[in-house]
Every structure is written in structure tokens, then in C-alpha cells.
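The values are calculated or read from the model by the stated rules, or taken from the named source; none is laboratory data. Just so it is clear, the structure is predicted and the values come from calculations on it, not from any experiment. Here the Cβ positions follow ideal geometry from the backbone for every residue, glycine too, while neighbour counts run over all protein chains shown. The protein model used for the area step is the full one, side chains on, heavy atoms only, and it has no ligands, DNA or RNA in it. Shrake-Rupley method; radii C 1.70, N 1.55, O 1.52, S 1.80 Å.
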Amino acid sequence: MGQIKDKTKLMQLNDADISSFYENGILFFPGLLDPNDIMQLRAELDEILDLDRPEILREKHSNRVRCAFAPHTYSKNYYQLMQHPSIVGPVRQLLGGDIYLHQFSINPKAAFVGEAWGWHQDYATWQIENKIAHPELINVGVFLDEVTEFNGPLFFILGSHKQGVIRPEIDAESTSYVLLGVDNNAITNLSRDHGLFSPKGPPGSVWMFHSNLVHASNANLSATRRALCTICYNRVDNLPKEHPRAEWEAHSDFTPIL
Ligand code: SIN
Ligand code: MN
């Protein structure tokens, strides 16, 4: 992957992007990354999905991979993706300071058997489990496959990040990976006042969303895989105070990126 060490190539957001992020809690850039880089990541993904490692979690009802955590720890290409200037530049701007990698997962959502993710906010888990004081984290999605309306895209409730943490409830049923979910009453109320957004686009598309933005995704009943990376960055002055979880779920290398 080219040029990642050249800080002058850091992508910069304009004022309209930044206002839109504060208003909606998400920015979406269709086809942002170089298709050649994405081809390399996809080629390697096939090998990763065959690995037997503790940080690679499987779906509840099939043996297919649900989350391949921390691929950057054994893959140079995924390590470089995590440092990509078109990602790191905007995230540093949005968080207003130095950042480090908190969590990195590939969610492949296999054709026919990739399961749903119930409504949740990412920060709820990190606040409760890791005692991270502020929701100064951003989750970046990188599409490895084309994401369509059919293969299990995410749904976001625009502006829902402004509510802060909505009383979380444990959701061990709707997904294989236990989440701190948002209940249906809260979703009903939020849906009255806010629009839903479901970004779709070619491989290489990227979103950046606020860690309190409420989101979910359906099962993938289609014949095509929906692999995407979710890469979460935290600000270096907002460190976890507790580490009850595995290193691959909440990293403790707080070295600033770039
Ligand atoms: C998904 O991969 O569909 C959802 C992942 C997430 O909520 O972080
Ligand atoms: Mn999430």
C-alpha cells in the first residue's frame, strides 16, 4: 500500500464535512481507497478466513467467521490499512488530537449464513468494560466487498450520537457476539425524530462514525459476501482505565499513529 508514511498526504476534511459529522454522527466516502490496495486486502482475507486463531470468532449457527479481530498483528497489509493517511488524517481532525488503535476487526458476513447485529452503540461496551471516560472514539468502516441493500449493510440512526449512552441492555440472543444493545422502545422513539442511513457502495468505500451512533445490521441472505473492516481509534488522552478483555478486543499499545 503506497505512501502511508508521508504525512503530507494525510487527507483533510473541509468545514462542511466536520459540521455534517457533528450533526449526523457519520461521514461516508464512496470508493475512497485505491482499488489495487483493496484487491490485495481481499486476496489476503481468503487466507485469514481459513486461520484457526483465538481472535477469529465464528457465527452461532454455522462455522463461518463472524469477526476476525486484530488482523494488523499478523498482516502487513492490514497494519498499513490501519495507518492509511486517508483514514488517519480525518480521524485525527474529528477527534482533535493524537489517536491510537483501540480495536480492529474484519466482519465478513458470509453469503447466506452471515448473521445480524442488533441495535447498539459501540461506546456503551467501552465505557462499561474498559472504563473509557469519554466517547472520543471513532469507528471507521472500510468495504472489502461491494455493500448492497441485499448483503447485510449497516443501518445508522442519524444524529442518535447526541443522546449520549442510552441505557444499555445485554443482547446475547440476536447476535453471536454478545453486545450491549439498545432496546426497541428507545429505537422506536429515536426513529420518530431521526432518519435512517444505510451506506452502500463499491469496495474501498469508507465511513467514519461517532462511537455513540446507534446502528445495527440484518443477516446476509444473499449469495454474495459482505466483508468490511471496522477500525476503531481512540484519543490518547482518553485511555481505558481497566483491561478485562483480551488484548485483541481492546488494545493496550497507546503509541500515537503517525
Ligand atoms: C456488522 O458488521 O454488520 C456490524 C458491526 C458493528 O456493529 O460494529
Ligand atoms: Mn458496532
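Over all other residues within a Cβ to Cβ distance under 12 Å of LEU94, the charged ones net out to 0, with Lys and Arg as +1 and Asp and Glu as -1.
Per-residue extension of 0.36 nm, minus the Cα-Cα distance of GLU149 and ARG42, leaves a gain of 36.5 nm for this segment. Just tell me which aspartates and glutamates come within less than 15 Å, Cα to Cα, of LYS109; anything on the same chain fewer than 8 places away is out. By straight Cα distance, LYS109 reaches ASP46, ASP50, GLU59, ASP145, GLU146, GLU149. Using a Gaussian network model on the chain with a 10 Å cutoff between Cα atoms, which of ASN130, ASN36, ASN24 fluctuates the most? Of the options given, ASN36 has the highest mean-square fluctuation. Charge tally around LYS162: other residues with Cβ under 14 Å, Lys/Arg +1 each, Asp/Glu -1 each, net -2. The relative contact order of region 1-98, computed from alpha carbon pairs under 8 Å that lie at least 6 residues apart in sequence, is 41 percent.
Highest GNM mean-square fluctuation among GLN83, GLN103, GLN163, for the chain modelled with Cα contacts below 10 Å: GLN163.
Derived scalar couplings between HN and Hα for region 216-226 equal 7, 8, 7, 5, 9, 8, 7, 8, 10, 5, 10 Hz in order, rounded to whole Hz, by the Karplus curve 6.51 cos²θ - 1.76 cosθ + 1.60 (θ = phi - 60°), x for Gly and Pro. Between ASN238, ASN139, ASN220, the residue with the greatest mean-square fluctuation in the GNM of the chain (Cα pairs under 10 Å linked by springs) is ASN238. Over the chain, DSSP H runs of length four or greater, each weighted -39,500 (n - 2.57), average out per residue to a 222 nm ellipticity of -7000 deg cm²/dmol. The mean sequence separation of alpha-carbon pairs under 8 Å and at least six residues apart, normalised by the residue count of the chain, gives a relative contact order of 32 percent. Averaging over all projection directions, the Cα-based convex hull of region 91-159 occupies 6.2 nm² in the image plane.
For region 86-235, the alpha-carbon radius of gyration amounts to 1.01 times the rule-of-thumb value 2.2 N^0.38 Å expected for a compact globular protein. In the chain the longest region clear of GluC sites (Glu not before Pro) that are loop-assigned by DSSP and have at most 13 other C-beta atoms within 10 Å covers 1-148.
With each label modelled as a point 7 angstrom along the Cα→C-beta vector, the SER191-ASN14 pair spans 3.5 nm. Using the Cβ-Cβ distance between ILE257 and THR224 with R0 set to 30 Å, the FRET efficiency from 1/(1 + (r/R0)^6) comes to roughly 0.40. Charge tally around ARG58: other residues with Cβ under 9 Å, Lys/Arg +1 each, Asp/Glu -1 each, net +2.
Bridgeable lysines around LYS9 (alpha carbons under 27 Å apart, same-chain partners fewer than 8 residues away excluded): LYS76, LYS200.
Per residue, the chain exposes 44 Å² of accessible surface when a 1.4 Å probe is rolled over the protein heavy atoms with every protein chain present. Rounded to the nearest whole Hz, the Karplus-based 3J(HN,Hα) values (6.51 cos²θ - 1.76 cosθ + 1.60, θ = phi - 60°) of region 78-92 follow the sequence 6, 4, 5, 4, 4, 9, 4, x, 6, 9, 5, x, x, 5, 4, with x at glycine and proline. Label positions at HIS61 and ASN77, each projected 7 Å from the Cα along the C-beta direction, are separated by 3.1 nm.
Largest first and in whole Å, the equivalent-ellipsoid semi-axes of the chain read 24, 23, 19, each the square root of five times a Cα gyration tensor eigenvalue.
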